[in-house]
Structure formats: C-alpha cells, structure tokens
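Just so it is clear, none of the values below were taken in a lab; they were calculated from the coordinates. Quick caveat: nothing in here was measured; it's all calculated off a predicted structure. Neighbour counts run over all protein chains shown; Cβ positions are idealised from the backbone, glycine included.
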Amino acid sequence: MKSLSIAFLAGMAVCATSVADARPDTRAMTCAATQALIQSNHAAVLTTGPNTYDRYVRQFGNECDWPDVPMSVAVPTRDGRCRVYHCEEPPFNRSP
C-alpha cells in the first residue's frame, strides 16, 4: 500500500511539472514573438520567471472581466523588457 501511495505522489508531481512546462516562457521568446502569441490567441498564460506566471491579453478586446481593463506591464524577454497587457482593476476604481 505504501508503494502505491509513493507511486501516486510521484505521478502527481510529474503531471504538475508537465503542466507548468507547457506554459510558454517569455524569457525564451523575443518581444515580437511574445506579443504575436498574445495577439493571435487574444490571451495567453505565460511564464515570466522561475516561479511566476500571469495571464496576458490584447490591448483592445473583451478578454478582461468587468471592472478590470488591460493595463500595460513589462515582462522579461530574450531581447529585453517587453510591454504587454494584463487585466487589472483601473486605478480610479480602487477604494482607498
């Protein structure tokens, strides 16, 4: 029974690793490729660091849930910092 539990946990770790590895990593892509991927898919979940990822969207579109809007952020790419958009609550809509 113990070996079955260990095998199950090992299998879960492999699955979790495979899912994380399937996410495109902006650090391995050029800025143009990163922006093109987001534009062609309207939105994409991208890895931006060893333990970080986020969902990035087109500037103009309906990819954000209300009241969020596309806000510009910089992500690391192979050729430097790259401006892309992610959904965020607008500054004027936040409570103090």
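Calculated FRET efficiency, residue 78 to residue 23, Cβ-Cβ distance, R0 = 22 Å: about 0.85 to the nearest 0.05. DSSP loop (so not H, G, I, E, B), at most 16 other Cβ within 10 Å: list which chymotrypsin sites (Phe, Trp or Tyr not before Pro) in the range 45-91 pass both filters. Here the sparse-neighbourhood loop sites are 60.
Mind checking the alpha-carbon convex hull of the range 24-93 and giving the volume per residue in Å³? Don't skip to the answer; put the middle values down first.
Details: hull volume 5.7 nm³, N = 70.
Expressed per residue, the convex hull around the Cα atoms of the range 24-93 is 82 Å³.
Here the extension length gained between residue 51 and residue 68 equals 3.7 nm, from 0.36 nm per residue of separation less the Cα-Cα distance.
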